[in-house]
Each structure stands twice: as C-alpha cells, then as structure tokens.
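The values are calculated or read from the model by the stated rules, or taken from the named source; none is laboratory data. In this text, all values refer to a predicted model and were calculated from it rather than measured experimentally. Note that we place each Cβ from the backbone using ideal geometry, even for glycine, and neighbour counts take in every protein chain shown. Just so you know, the surface numbers come from the protein's heavy atoms only, side chains and all, with ligands and any DNA or RNA stripped out. Shrake-Rupley method; radii C 1.70, N 1.55, O 1.52, S 1.80 Å.
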Amino acid sequence: MNIPEDLKYTKTDEWVRVEGDTATIGITDYAQDQLSDIVFVEIQKSVGNNIEQGNGIATVESVKAAADVSSPLSGKVIEVNEKLSQSPDLLNSDPYGQAWLVKIRSSKLDELQNLMDASSYQELKNG
C-alpha cells in the first residue's frame, strides 16, 4: 500500500496535498485497491463552487461498488480533473498523480489539523 509522506489523509480514504492555499484532492491507493477496477467517476462540483470539509465532491464507481468521495478541506473549487471522465482507470494506476479529482483554494487551512499524517493513516489501515 502506497502512502506518500507529503500528504494528509482522512479516515474515509481521501488525500490532500497543500501547496500555498491550493489543495489538490484525490482518493488513496488503499481506496482504489478496495474498489478494484474503476469504471466511472462523477465529479459533482464545478469550478467556482464552494465546498465544506466533509461534504461530497464525487462518486467513484467500480465493477464491485460505488463510493462517495468527501472533501478533506473547505474552500472554492478552482479546477476539476476532466481527464477522469474519459479515463476513470487512472484512479487505479496513478491515484496520487494524474488521478486527482479537484483542486480548491482552501479557506480554512486550520482544518488540516483534523487530518492524519502518513504514519497515522498507515496505522488506521493496518488495524
């Protein structure tokens, strides 16, 4: 299981990379592995939408199940990954790279303290 050290994680298997006030959001390697072959991604937010920490931003469907994706931080959507509508399988092959879901301009960076670092997330997943 790949858990990059430079990201923050949620208990519900989302990750966030913060650079300045821009937060890039996706699902973890663990999440894509549990879902198996991802066949469809619906991003429910558009550029300009405001989102709150914990609110839904996308649905990911695989041959096994569907999963809702929640935002780890609050902010305004500044970019949506359009590639995923044509290539949802990127979530299986590159969950921390090309398969990010949305980028937001975070309005509440203090919410990062509600998230886990890589070692805490690893402990959670290893039980």
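Here is how the numbers come out for the structure above:
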| quantity | calculated |
| --- | --- |
| Förster radius 35 Å - calculated FRET efficiency between N114 and S36, Cβ distance, rounded to 0.05 | 0.75 |
| Mean Cα-pair separation over length for the chain, i.e. relative contact order, pairs under 8 Å, 6 or more apart, % | 31 |
| Which of S71, Q98, G127, positive extreme of dipole for the chain (C-beta unit charges) | S71 |
| Per residue value of the accessible surface for segment 1-102 (all protein chains in place, 1.4 Å probe), Å² | 47 |
| Segment 55-127: C-alpha gyration tensor shape, a/c 1.5 cut-off, then a/b vs b/c | oblate |
| Carbon and sulfur %, accessible surface of the chain computed with the full protein complex present, 1.4 Å | 41 |
| Estimated dipole of the chain in Debye, rounded to 20 [Cβ of Lys and Arg +1, of Asp and Glu -1, Cα centre] | 280 |
| Cross-link table K45/K76; K45/K83; K8/K64; K8/K125; K64/K103, entries beyond 19 Å C-alpha to C-alpha | K8/K64; K64/K103 |
| Relative frequency of Cα-Cα separations exceeding 23 Å in the chain, percent | 24 |
